[in-house]
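Structure record follows, encoded as structure tokens.
What follows draws every value from the coordinates through simple rules; no lab data is involved. Source: prediction; values computed, not measured. Positions of Cβ are generated from backbone atoms using ideal geometry, with glycine treated the same way; all protein chains shown enter the neighbour counts.
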């Protein structure tokens, strides 16, 4: 009976180890330079959504400034994605500060969530436009003017190419425009009850308990 119990334990450890290996590459909180390295990819939502080919570029004019900070994983309800934090500021006459972020995303995706955090005064405007390629054509790109969020739902897709351009400008007469973060997130179909790692752990726990009871009955006999 000891041999049976040890065999069951080894099977449990093997299954859990394989599951952990499959979930490697979780998106970290890390500098932008980490995410934009050649060949970098990472996943969120227990590996259900994977980001790759990440690129971030900046441009400024007439006294505008951009300082890139970091990427961090994001979750809100069933939306999972990434947040890019930075400081992009336009303060002088005709000043602009531009951040472009693009990437490939893969998974069973059925919507896209976009959020901008910004602070504008006077004629200053912080805006973002996002285009999703690889799905049925968008009637219009996702757009925000100032802080806020928006979302688009669509038929299930397995991959998308995403490009967004976040522009801060002072306008006329010159105002003030500054943005501090961009978030993109996606949702996947709700998991089947009992599926995934929690269900696997529960099933393995039941297997060990059954083996233990059999050993105790054998000892009494």
- [ ] Looking for whichever is over 24 Å from residue 34 (Cα atoms) and under 17 Å from the mean Cα position of the chain (by Cα) here; the options are 157, 143, 161. Which one fits?
- [x] 157
Open item on the list: Just the residues that are touching a strand residue (DSSP E or B) at 6+ places or on another chain (Cβ under 8 Å), free of Cβ contacts under 8 Å to residues at least 60 places away in the same chain and more than 17 Å from residue 185 (Cβ to Cβ), please, taken from the stretch 159-173.
Closed with: 171
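State yes or no: is residue 132 over 16 Å from the mean Cα position of the chain (by Cα), within 17 Å of residue 184 (Cβ to Cβ) and free of Cβ contacts under 8 Å to residues at least 40 places away in the same chain?
Details: over 16 Å from the mean Cα position of the chain (by Cα): no; within 17 Å of residue 184 (Cβ to Cβ): yes; free of Cβ contacts under 8 Å to residues at least 40 places away in the same chain: yes.
No, not satisfied.
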